[in-house]
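Below is one structure, written out as structure tokens, with a few remarks after it.
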Amino acid sequence: MNMVHLKFYASEDFSELNYALDETQIQYTSTAEMALQRIKERADGKAFPVTIFEDEKPSGFFVLDFGNDKFDLTDNVNSVLLRSLSVNPQLQGKGIGKAAMLEVDQFVKNHFKDCEEIVLGVNFNNPGAYDLYIKVGYHHEGKTMIGRNGPQRIMYKKL
């Protein structure tokens, strides 16, 4: 079984995370490079990039965002928006994304004591991601929003 663990992003992870995503995936998520650029531009200290490691190798990426964007999805002030999740396409299909999403609950609890909920949006045209989030305990109660590429299901998980 491959060991997947999470760490706050460090600049030395970048060379392994600088992978391209195909046309389909880029509609639904950001590359690490794009997400890091947005965090730098915002400079509000409320977004935390996280590297997904598989066997000590940077293999994927996501952002825990405590900024105001989360209020498009929830009224809960003690929530975090999970965004820009990707796994290196050469490593996809091995369960890394699923394992990372199972690890994220404890990671959030360890580092952000007041956080009690993770929220995210999943594009209607991305059933694979929706199924993944359902499998790891996220719920969709019918709420939707319009994202940059069409309607998204709003999903959440209480911690």
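Derivation of every value follows stated rules applied to the coordinates shown; laboratory data play no part. It should be emphasised that the depicted structure is a prediction, and the values quoted were computed from it without experimental measurement. Neighbour counts are summed over all protein chains in view; Cβ atoms, including those assigned to glycine, are modelled from backbone coordinates with ideal geometry.
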(request) Using the Karplus curve 6.51 cos²θ - 1.76 cosθ + 1.60 with θ = phi - 60°, work out ³J(HN,Hα) for each residue of the stretch 142-150 in order, rounded to whole Hz, and write x for Gly and Pro. (result) x, 6, 10, 8, 8, x, 5, 10, x
(request) Might you report the magnitude of the Cβ-based charge dipole of the chain about its Cα centre, with Lys and Arg at +1 and Asp and Glu at -1, to the nearest 20 debye? (result) 300 debye
(request) Just subtract the alpha-carbon distance of residue 139 and residue 41 from 0.36 nm times their residue separation and send over the number in nm, one decimal. (result) 32.1 nm
(request) Take the alpha carbon atoms of the stretch 59-91, find their center, do the same for the stretch 1-22, and report the distance between the two centers in whole angstrom. (result) 16 Å
(request) Step through the residues of the stretch 85-91 one at a time and calculate ³J(HN,Hα) from phi using the Karplus curve (6.51 cos²θ - 1.76 cosθ + 1.60, θ = phi - 60°), rounding each to whole Hz and writing x for Gly and Pro. (result) 6, 8, 10, 3, x, 5, 10
(request) Would you mind working out the magnitude of the charge dipole of the stretch 70-125 relative to its Cα centre, with +1 at each Lys and Arg C-beta and -1 at each Asp and Glu C-beta, to the nearest 20 Debye? (result) 300 debye
(message) If I model a spin label at residue 22 and residue 71 as a point 7 Å from the Cα along the Cα→Cβ vector, what separation in nanometres do I get?
(response) 3.9 nm
(message) Relative contact order of the chain, please, whole-number percent, based on alpha carbon pairs below 8 angstrom and at least 6 residues apart.
(response) 21 percent
(request) Give the long-range amide H neighbours of residue 88: residues separated by 5 or more places, or on another chain, with amide H under 5 Å away, using H modelled in the peptide plane at 1.01 Å from N. (result) 60
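What is the stretch 1-50 by shape, rounded, prolate or oblate, if you read a ≥ b ≥ c off the alpha carbon gyration tensor as root eigenvalues and call it rounded for a/c under 1.5, prolate for a/b larger than b/c, and oblate otherwise? Intermediate results must be reported in sequence, preceding the final value.
On the way: a/c = 1.84, a/b = 1.09, b/c = 1.69.
Oblate is the answer for the stretch 1-50, as a/c is 1.5 or above yet b/c matches or exceeds a/b.
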(message) Using 0.36 nm times the number of residues separating residue 146 and residue 110, minus their current alpha carbon distance, what extension gain do you get?
(response) 9.8 nm
(request) Enumerate the calculated ³J(HN,Hα) couplings along the stretch 35-51 in order (Karplus 6.51 cos²θ - 1.76 cosθ + 1.60, θ = phi - 60°), each rounded to whole Hz, writing x wherever the residue is Gly or Pro. (result) 5, 5, 5, 5, 4, 4, 5, 5, 6, 9, x, 10, 10, 10, x, 10, 9
(request) For a quick protection proxy, order the peptides 94-100, 125-131 by their average other-Cβ count within 10 Å, most packed first. (result) 94-100, 125-131
